[in-house]
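None of the figures in this text is laboratory data; all of them are computed from the coordinates on show. Since the structure is predicted, the reported quantities are computational estimates derived from the model, not experimental observations. For neighbour counting, all protein chains shown are included, and Cβ atoms are generated from backbone atoms with ideal geometry for every residue, glycine included.
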Amino acid sequence: MSAWWQQLPLARRSGAVLLVLILVAALLAPSLAPDAVSQDLERVLLAPSLEQPLGTDHLGRNMLARLTHALQLSFSLALLSVISAAIIGISLGLLAAWRGGVIEAVLTSIADAVMTLPVLLVVLLFSAFAQGEFWSLYIGLSFALWVEYFRVSRATIKATLVSAPVESARMLGFGNFYLLRRHLLPELAPVVGTLMLFGISTAILALAALGFVGVGLRPPTPELGVMMIELFPYYEEAPWLIASPVVTLGLIMLALALLGGRKEMP
Amino acid sequence: MIKVLSHLLLRRCLQAVLVALLVSTVSFFLMHSLSGDLAFRIAAGRYGYDMVTAAAAEAVRVELGLDRPLLQGLILWWQQLLQFDLGDSYLSSAPVIEEIREQFGHTLQLALSALVLSVVIALPIGLIAGLNPHGWLDRVSLTLSIILRAFPPFLLGILLILLLSSKLGITNAANASHEHGGLFLPALTLALSLAAVSSRVARDAMVEVRRSAYFNFARTKGLSDLLALLRHGIRNAAVPVIAYLGVQLVFLMEGVIIIESLFAWPGIGHALAHAVFGRDIPMIQGTAIVMGLLFVLCNTLVDIACMLADPRQRYLASRRADA
Amino acid sequence: MSAPELKVQDLAVKDGKGNWLVQPCSFTLKPGVALSIIGGSGSGKSLLVQAIMGSLASGLRASGEIRLGNAVSRAEDASGRRPWWGHTLAMLPQEPWLALNPSMRAGKQVAESYHYVSNTRMGMAQAKMQASADLNQLGVAAASEKYPFMLSGGMAQRVAFAATRAGGAQVVIVDEPTKGLDADARDNLLTVLQTVLKQGGSVLTITHDMHVARMLGGNVMVMRDSNVLEQGTAEQVLENPQHEYTRALLAADPENWTQAMPAPGTGQQILEARGLGKRYGKQTLFSGINLEIHAGERIAISGPSGAGKTTLGNMLLGLVAPDQGSIALAPGLDKLKLQKLYQDPVSAFAPRLTLKQAFDDLIRLHKLNPSALPPMLARLKLDEGLLRRLPSQVSGGELQRLALARILLLSPALIFADEPTSRLDPISQQDTMNLLLETVAENASAILLVTHDRELAAKTMQRHIAIQHA
């Protein structure tokens, strides 16, 4: 384990540490600062202090509590959509690669069409079904993200199925289940891992972007994008307020990008 | 070459049709899921809120085909699309096609400026950094690229507004709904995000070329470093950079949606967000289809550029066209 | 015009930490006389010629002196030799299909040397005509308008050779010229190099192929572990080697192999094929092949590259369906009894699975006796500790023997060995081949061997099937 950790490049290790810190904050802080909704109009736009580590917003709400609740929300939605997308995408990819024929042709055409639409556009379309609802965003994200897993797993599996190691395993008498377990999944795992990291950052970002534009989740839900738009008018009086969701989102993106270790991904 | 080109165009056209049908189907179900509320709102838009009766709302429902069986309605909906009829906006009552025509120019202007600006920033930095890997320019551009990548376009946009707003006299850009604050800031925001990655792609391509056997052979043949670079370096380094532009287009489209809203730039992305907010289904469908088609078009151009730059791809494409 | 003399004095290479990568050595390359440097991988022979050229990777330091005609250069002053490149000193790189610019037509890559490098300073139009004439003379006129990826290895090599010479250099360094070429392309190249020598040029060749050294004649230098072991004329070194390593290298050349064990009496028929044929697109690969294989037989498939040797073998194993003809297995013979050895043994194993896991899986699947494995490994001179590694962490020779061990566990009736030793150095090629033949004989299995090495086929196999291009 430690040897495995040692051989990771520095960038990926620092990404992992940063991500763990953010996640710990998200998991622990609600118990330290549980109240993210109650307002106190006597105490608005307070600067950070011991009592209010990140200050209070324009309605006197505890910023630390709001920020950490927002983190929980972002990560749970992102994880949920990415896992659903991965399961659907990989299963369909497996089906297409293994069976071929009409099934493959139909699935590939659909995937091609979805690929053509930017993730954000798809999520926007779906969010129109039920504005401000968690589930429409979840469905939109899963629908936009599954194609990546489908495309990659189909290509990897097709290439692996005709590769010499699989040919040789078949000649030695191994069956399909063995090929799946020992040949296909080990090939897929690292690619899917990278895709999932990338997917999580896409999902978190899309959620925040939609919230910011006003078509995602709605106030008073504590969500990073919603917080940014709410606090935007106060940036001259209390710049630290808008800074905290902006910097937090930046740190999440940085952590995921470093951990992913692939520089090509935007 | 003509055969290859027609093969490519055919494939892309098919993709375009599929995209249009996909968006249109989603829009159709969207309309159905919102039907009650929708008919009422449209009727209210026509006759005023006080005059809306159940009968008037029902008349609108029939007019929209919402009373028909689902499948029949969907086919009718598709037929309209295939006749290039995108309908009228529920909000402004103007034909969707008219509205989009206006916005499209703005979006194209923004996207192209961003793309050109990003190439102007990224290419020289990337290529020069690649000529001297681990030199100071390489390190500085790597650090900047990592930081910029942590701030996706809309965060970068917010930061730029916060930093520059007082200087440029843009007040509260997020709320400035109709007046926009110029092309420069939104284009720069997008361009910086694009350049953060493409400069590294260009750098890696250059490093790869310089390490290649053919580049070294060009030098041992007796060509000077400059000649080897011009005749054997640049073109081969350009291929991955051009191919990467295709990947960046998705990123650019997403950026356009958010950045237009952030900077109140009156393009398609802004209109789409607006339409979603107002549940203006014909506008949602229209803008989404146009963005999808624009993306297919750009990708086709990238494919052609790649084939022009890389004979291997030309050859593979002609093999595919024959098969 | 004859070449200037290349004189190398006390040339050595060290890495950044001061370790010797090439110990000091001296030699002279005279016009019209070849010099071949022979050695395995890691012997330092490639570094030696890079030091001469002045193209060492940064971090490596050369020392000594290099004279070319009247010009003198300190070895550490690499840039001082840069003006020689192309004009007086040129290098034909290894794997020429990688050394040609993938996005420029072949003819142009030759012509540019005439235009930019050669002292004649030809105009581009004239340079192109001269390039076509050169390619025509080398028998690859058709290559001129093609891109490198459309050329075969042998064609790409002749294009690269033309580009190397076009600058006017009379002293040519040739790095591993036969790597990855079939026998015909190899002989072709040797003819070209002999012509250079006859015209008064000089040729310095790096190779691990004894045949190349023998054909070029002149002088020979043997290297191992950064040391020059011996040097002398080709006859001296090749006929009367002084050093033990040279003797082992010579003995490992299939030409010098002693005839393999006597042919065992042929046993029961394993399979019978009638009228086999295969098309590839519109082209016919081969057709009308009839074949019977009996237990214990040793058969070589020979033919030019691209003739379908591997395809035929795969067809007999049932991996490729024939377009014409039929294959009948002996009644009661399980498909499991037909097995294959790959050219690149890495491709026989799942890349992310330890070897131990791969063997355990096989033993469990077929309910084999696990105690059969250790003696099998010992028989193939394999250490059991190797099993803890991944396939990519084991040397090519060892991995090929592990692949052999794995299929021997299934006591195969027929082993199709597709160039099983072509990626190994001569000594481990000989070891691996001997073990393969011995264990096959002990098992009474038949073996079907694809190889481009005629000598190896002649020395090890009993009978040959030749396939020609249809």
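Miscellaneous remarks
- Using alpha carbons only, the radius of gyration of segment B:210-323 set against its Kirkwood radius gives Rg/Rh = 1.22.
- Only Cα pairs under 8 Å and 6+ residues apart enter the sum, and on that basis the relative contact order of chain C stands at 15 percent.
- Calculated FRET efficiency, A:Leu161 to C:Asp323, Cβ-Cβ distance, R0 = 22 Å: about 0.45 to the nearest 0.05.
- Averaged over the residues of A:185-193, the number of partner chain Cβ atoms lying within 10 Å of the residue Cβ comes to 1.
- Placing pseudo-labels 7 Å out from each Cα toward the beta carbon at A:Ala16 and B:Val17 gives an inter-label distance of 5.0 nm.
- Gyration tensor verdict on chain B (Cα atoms; rounded if a/c is under 1.5, prolate if a/b is larger than b/c, oblate otherwise): oblate
- The mean number of partner chain beta-carbon atoms within 10 angstrom of a residue's beta-carbon across peptide A:199-205 is 2.
- Between the helical axis of A:101-116 and the longest alpha-carbon principal axis of chain A there is an angle of about 30 degrees.
- Checking the cross-link pairs A:Lys158/C:Lys356; C:Lys340/C:Lys381; C:Lys108/C:Lys128; C:Lys7/C:Lys30; C:Lys108/C:Lys146 against a 18 Å limit on the alpha carbon distance flags A:Lys158/C:Lys356; C:Lys340/C:Lys381 as lying beyond it.
- Segment C:269-466 - Rg and Dmax from Cα coordinates, angstrom: 16.9, 52
- Likely footprinting exposure, B:Lys221, C:Lys282, B:Lys3, C:Lys128, fewest C-beta neighbours within 10 Å first: C:Lys282, B:Lys3, C:Lys128, B:Lys221
- Normalising the average separation of contacting C-alpha pairs (under 8 angstrom, six or more residues apart) by the number of residues puts the relative contact order of chain B at 26 percent.
- Within the protein assembly as shown: Cβ-based charge dipole about Cα centre, in debye rounded to nearest 20 (Lys, Arg +1; Asp, Glu -1): 2280
- Rounded to the nearest 10 degrees, the angle from helix C:153-165 to the longest Cα principal axis of chain C is 10 degrees.
- Principal axis dimensions, the protein assembly as shown - Cα atoms, whole angstrom, descending: 112, 76, 62
- Evaluated over the Cα positions of chain C, the convex hull gives a direction-averaged projected area, one quarter of its surface, of 24.9 nm².
- Inter-site label distance for B:His7 and C:Gln468 at 7 Å from Cα along Cβ, in nm: 3.4
- In order through segment C:389-394: 3J(HN,Hα) via Karplus (6.51 cos²θ - 1.76 cosθ + 1.60), integer Hz, x for Gly, Pro: 8, 8, x, 6, 9, 10
- Descending by average beta-carbon neighbour count within 10 Å, the peptides A:100-112, A:139-151, A:227-239 line up as A:139-151, A:227-239, A:100-112, the highest first.
- Label sites at A:Tyr178 and C:Ala71, each approximated as a point 7 angstrom past Cα along Cα to Cβ, lie 6.2 nm apart.
- From most to least packed by mean Cβ count within 10 Å, the peptides B:75-85, A:181-191 give A:181-191, B:75-85.
- Exercise: per-residue mean of other protein chain Cβ atoms within 10 Å, A:102-110: 1
- Cα-based helix-to-principal-axis angle, A:10-32 vs chain A, degrees rounded to 10: 50
- In sequence order, calculated HN-Hα J values of segment C:65-72 (Karplus, 6.51, -1.76, 1.60; Hz; x Gly/Pro): 9, 10, 10, 10, x, 8, 7, 10
- The overall shape of segment C:141-215, judged from the alpha-carbon gyration tensor, is oblate: a/c is not under 1.5, and a/b is no greater than b/c.
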